[in-house]
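Trainee: Mind having a look at this structure? Questions to follow.
Bear in mind that the values in this text are calculations on the coordinates, not laboratory data. These numbers were taken from a predicted model, which means no experiment stands behind them. Neighbour counts run over all protein chains shown; Cβ positions are idealised from the backbone, glycine included.
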Amino acid sequence: MPLSARELASIIDYAVLKPEATLNELKEACRLAKKHGFAALCVNTYYVGYIAKLLEGSEVKVCAAVGFPLGSSLTEVKIKEAEEAVKRGAQEVDFVANIGLIKSGELEEALKDVEQVVEAAKRRGAEAVKVIVEVGLLNSEERRIACRIVEESGADFIKTCTGFSACRATPEDVREIKRLAPKLKIKASGGIRSLSQVEELLRAGASRIGTSHAPEIMVQAEQLK
C-alpha cells in the first residue's frame, strides 16, 4: 500500500548541510520541516542550538552531522562534537566513520572510533545514532567489514552516504546492507531527488531517507493525491 504524504514525511530526514547555508535558509528549513512533519532536520553542529529553538514543541527531531563530511577528524574531536551537539539540543546524531581506517585494514582502530562516538552520543541522551560508511568508496569485503563494525558499535542505523562524495544511494546497496547487517536500520542518503527513488529505496529495505530535496519530494507526493 502506498504511503500517504504524512507517512512519507515521517521517514525523511531533511538535510541542510551545504557550507553556504544562511540562518534565514535554516529558519525556512525549520518552517518546511514542521509544515510537512519530517522525521528530522539535519544540520551542521554549529547550528544545532539555533534550530533546536525554532523546532521546539514540534515532532521534528534535531539531527547533528558530526565529523562531517570526511570522518577523518580525531575520535576525541568527534566525541566532543557529538556531546556538545546533544547538549545543545540534538536528539539524533549522524556521524561519519573513518573510512580510511577501514580501507587500510586498521579494523580495531576503526571499531574503536565508531564505538566511542556512539557511546558518547547515547550517554548524553541521543535518541538515535546513525553511522555513515560511504558505501560507494568501499569494495564488497570492506562493506562487509563496515557493516560488522557498525553492528558491533551499538549504533541504531547504518547510513549509506554523506552526499558529499561520488557515492549515491541505490536499491542494490540497501539490499546488500540489509543482508550484511540485518539487525541495523538503514538510512539511505546521497543523490535522492525524486519520489520514485524514495519508493525504490524503501522497497529495498531502507527505513529512513536522507535528502536535501525533501520539500520537492513532498510536492511530488502531494501531486499524486
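Trainee: Taking only pairs that are 8 or more places apart or on different chains, how many Lys pairs in the range 49-96 have Cα atoms under 17 angstrom apart?
Mentor: Lysine pairs meeting the criterion: 4.
Trainee: What size of dipole, in debye to the nearest 20, comes out for the range 5-223 about its Cα centre when the only charges are +1 on Lys and Arg C-beta atoms and -1 on Asp and Glu C-beta atoms? The partial results should precede the final answer.
Mentor: Numbers: 32 positive and 33 negative charges, 91 e Å.
Dipole size: approximately 440 debye.
Trainee: At a threshold of 8 angstrom on Cα-Cα distance, excluding pairs fewer than six apart, so keeping six or more, what relative contact order does the chain reach in percent? Write out the running numbers ahead of the final one.
Mentor: Numbers: 436 pairs, mean separation 39.2, N = 225.
Rounded, it is 17 percent for the chain.
Trainee: Of Glu199, Glu127, Glu106, which has the largest mean-square fluctuation in a 10 Å C-alpha GNM of the chain?
Mentor: Of Glu199, Glu127, Glu106, the most mobile in the Gaussian network model is Glu106.
Trainee: Hey, another quick one. Residue farthest toward the positive end of the dipole of the range 5-223, with Cβ of Lys/Arg at +1 and Asp/Glu at -1: which of Ala52, Ala15, Gly105?
Mentor: The listed residue farthest towards the positive side: Ala52.
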